[in-house]
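Q: Sending over a structure as structure tokens; questions will come in a sec.
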Amino acid sequence: MPDVRLGTGPGRWILLATVLGSSVAMLDATVVNVALPRLARDLNADMAGLQWTVNAYTLTLAGFILLGGSLGDRFGRRRVFLVGVVWFAVASVLCGAAPDIGTLIVARALQGVGGALLTPGSLAIIQASFTADDRPRAVGAWSGLAGVAGAVGPFVGGWLVEAAGWRWVFLLNVPLAAVVVLVAVRHVPESVDPEARGRFDVLGAALAALALAGTTYALTEAPGGGAPPPVIATAAIAGLAAAVAFVLVERLRGGRRLPAGRTRREAPQPMLPLDVFASRQFSAVNVVTFIMYGGMGVLFFLFVLNLQVVGGFSPIAAGTALLPVTVLMLLLSARAGALAQKIGPRLPMTAGLLVAALGMLLVGRIGAGASYVRDVLPAVVVFGLGLAAVVAPLTATVLATADVRHAGVASGVNNAVARAAGLLAVAAIPPLTGLTGDAYTNPVTFSHGFRLAMITCAALLAAGAVLSFLTVGGDALRTPSGEPVEPECPRQCGVGAPQLQPEPETVPAERAGGAAPETRT
């Protein structure tokens, strides 16, 4: 059984390894935006190249994050976590050394694979290592410290771009990864799930990635005519066909009748058990997630570009412009979650989305000659207040509306939905608003497209608010069994996606007549 206490030396080492490891992956999803104008100039990239620089990472991260958690359960959480950290570091070197935009895009996709291996592993290690009494506080510390890293990261990224060049935004990951590896090898215990059996759903993961890749390519290239129409049509058809095949494969594996003599543990396990969508409210909340994080993804992609291209901000000033959003989420999200537990999530989610939509409209007004205090700060504060009100209730509602046995899967699904939303929205909305080709080199063209994109995203969030009001329950949050919902991540500060939640505790195996969960140190 887990026996590490939070306040002890071993507990601090485990927190250091898991927080630093997950923070490295989280930062690269946001800090890279600061470097986009400089790397575009050095690598002679167009807007589609910048979109792919962001989306290649998100594509593989979203496509393989559920599989990454399963690999850790089977082969060892520390082992897979370390593989992910080393993989991420090697890919970061490739990013920093990229001679052209094509190489950078491929390296970013490899980074996403590493992120998919280490991100779920960091939380699983905490869940498997700390005692039951200390586990909620350990997860809360992991969440809060990751939020602090998220707040500091854009400042560091902007400083690196100005002082040393954009390549160091990627190369900085190497010494950080080395620290994580040294600490994890020496101080983090190994653990596995002895119940994890059966073949991996590699086919499901591949189909999910293909569906996202084909659809993203078609959305990115079609508006600007960056590829021949037959190629775009082929990519779109392949993406849609892969999506249909993914649903069929997961349905088949989830409902398959096993041959005589075989157990469920020996059968292929679906990457996504479709019965998690049996709850209508769970499905509706994931639609809200898709809408909200799609709009957010576009804002985070274009906002820093707009400040540098149109507003004339330096990389460090542009990188820290969104700092109030992270600070507000750290300070207020726990209170928003507690409020949702008392009065229900409908009103906090609806109001939060409407306030965030207003913030996006204010962001869209930021143009040439903008002042940070007069124009930028009020807009990001309004947006941050809305985001802080909605993210924690949304995550709690996901857990409340899923069967307890699917709590971990439900959290992973919600996280993947958010990442896929950002991926597809960043692919589709900028080209549709005229941000194609070399638009980032023309302040007038970019300003016009940015304003249209923010109006579009604000409309998306308003639609999410209407959907929340119509579909989300107004009662205090409880699980299907009637228990109050108390998420173990009280500080929701992930602006790229809802933070993952740990798997629910199971009845100790010795009380159920089986072997105790295995923990190897």
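Q: Residues to consider are VAL309, VAL276, VAL304, VAL298; find the one that is touching a residue at least 60 places away in the same chain (Cβ under 8 Å), farther than 17 Å from VAL380 by Cβ and within 21 Å of the chain's Cα centre (by Cα).
A: Of VAL309, VAL276, VAL304, VAL298, the one residue that is touching a residue at least 60 places away in the same chain (Cβ under 8 Å), farther than 17 Å from VAL380 by Cβ and within 21 Å of the chain's Cα centre (by Cα) is VAL276.
Q: Quickly run through region 1-14 and pick out the residues that are of a type outside the set (S, T, N, Q) and either at pLDDT below 85 or surrounded by fewer than 24 Cβ atoms within 10 Å (Cβ to Cβ) (or both).
A: Listed by number, the residues that qualify are MET1, PRO2, ASP3, VAL4, ARG5, LEU6, GLY7, GLY9, PRO10, GLY11, ARG12, TRP13.
Q: Residue check: is LEU354 assigned to a helix (DSSP H, G or I) and farther than 30 Å from VAL276 by Cβ?
A: In short, no.
Q: Further question: Residues that are surrounded by fewer than 19 Cβ atoms within 10 Å (Cβ to Cβ) and part of a helix (DSSP H, G or I): does region 118-130 have at least one?
A: No: region 118-130 contains no residue that is surrounded by fewer than 19 Cβ atoms within 10 Å (Cβ to Cβ) and part of a helix (DSSP H, G or I).
Q: Another question, if that's okay. All but one of (1) over 27 Å from THR215 (Cα atoms); (2) buried (at least 22 other Cβ atoms within 10 Å of the Cβ); (3) modelled with pLDDT under 90; (4) not hydrophobic (A, V, I, L, M, F, W, C) hold for GLY68; state the number of the condition that does not hold.
A: It fails just one condition, (1).
Q: Which is at pLDDT 90 or above and touching a Phe, Trp or Tyr at 6+ places or on another chain (Cβ under 8 Å), of ALA245, ALA184?
A: After applying the criteria, what remains is ALA184.
Q: Kindly indicate whether THR103 is among the β-branched types (Val, Ile, Thr), at pLDDT below 95 and assigned to a helix (DSSP H, G or I).
A: Considered against the rule, which asks whether it is among the β-branched types (Val, Ile, Thr), at pLDDT below 95 and assigned to a helix (DSSP H, G or I), THR103 comes out as no.
Q: Could you look through region 131-148, keep only residues that are outside any helix (DSSP H, G or I) and of a type outside the set (Asp, Glu), and pick out the one that is surrounded by the most Cβ atoms within 10 Å (Cβ to Cβ)?
A: THR131
Q: Under 9 Å between Cβ atoms, at least 6 apart or on separate chains: pull out the pairs that start in region 6-29 with a residue that is among the charged types (D, E, K, R) and end on any residue that is surrounded by fewer than 21 Cβ atoms within 10 Å (Cβ to Cβ) and modelled with pLDDT of 85 or more.
A: ARG12/HIS187
Q: Under 8 Å between Cβ atoms, which residue pairs at least 6 apart in sequence (or on different chains) link something in region 140-166 that is within 17 Å of SER22 (Cβ to Cβ) and in contact (Cβ under 8 Å) with a residue 24 or more places away in the chain with a partner that is acidic (Asp, Glu) and surrounded by fewer than 24 Cβ atoms within 10 Å (Cβ to Cβ)?
A: Close Cβ pairs satisfying both conditions: GLY140/GLU488.
Q: Do you know which residues across region 360-371 are over 28 Å from the mean Cα position of the chain (by Cα) and crowded, with 16+ Cβ neighbours inside 10 Å?
A: GLY367, ALA370
Q: Check GLY344, GLY422, GLY386 and return the single one that is buried (at least 24 other Cβ atoms within 10 Å of the Cβ) and either out of contact with any Gly (no Cβ under 7 Å at 6 or more places or on another chain) or farther than 22 Å from VAL148 by Cα (or both).
A: Among GLY344, GLY422, GLY386, only GLY422 is buried (at least 24 other Cβ atoms within 10 Å of the Cβ) and either out of contact with any Gly (no Cβ under 7 Å at 6 or more places or on another chain) or farther than 22 Å from VAL148 by Cα (or both).
Q: Give just the number: which of (1) buried (at least 24 other Cβ atoms within 10 Å of the Cβ); (2) closer than 22 Å to ASP438 by Cα; (3) free of Cβ contacts under 8 Å to residues at least 40 places away in the same chain does THR103 not satisfy?
A: Of (1) buried (at least 24 other Cβ atoms within 10 Å of the Cβ); (2) closer than 22 Å to ASP438 by Cα; (3) free of Cβ contacts under 8 Å to residues at least 40 places away in the same chain, only one is false for THR103: (1).
Q: Given the criterion hydrophobic (A, V, I, L, M, F, W, C), modelled with pLDDT of 90 or more, crowded, with 17+ Cβ neighbours inside 10 Å and over 23 Å from the mean Cα position of the chain (by Cα), identify the matching residue among LEU435, LEU460.
A: Going through LEU435, LEU460 in turn, just one is hydrophobic (A, V, I, L, M, F, W, C), modelled with pLDDT of 90 or more, crowded, with 17+ Cβ neighbours inside 10 Å and over 23 Å from the mean Cα position of the chain (by Cα): LEU435.
The values are calculated or read from the model by the stated rules, or taken from the named source; none is laboratory data. Keep in mind it's a predicted model, so treat the numbers as computed, not measured. Note: ideal-geometry Cβ built from the backbone for every residue, glycine included; neighbour counts use all protein chains shown.
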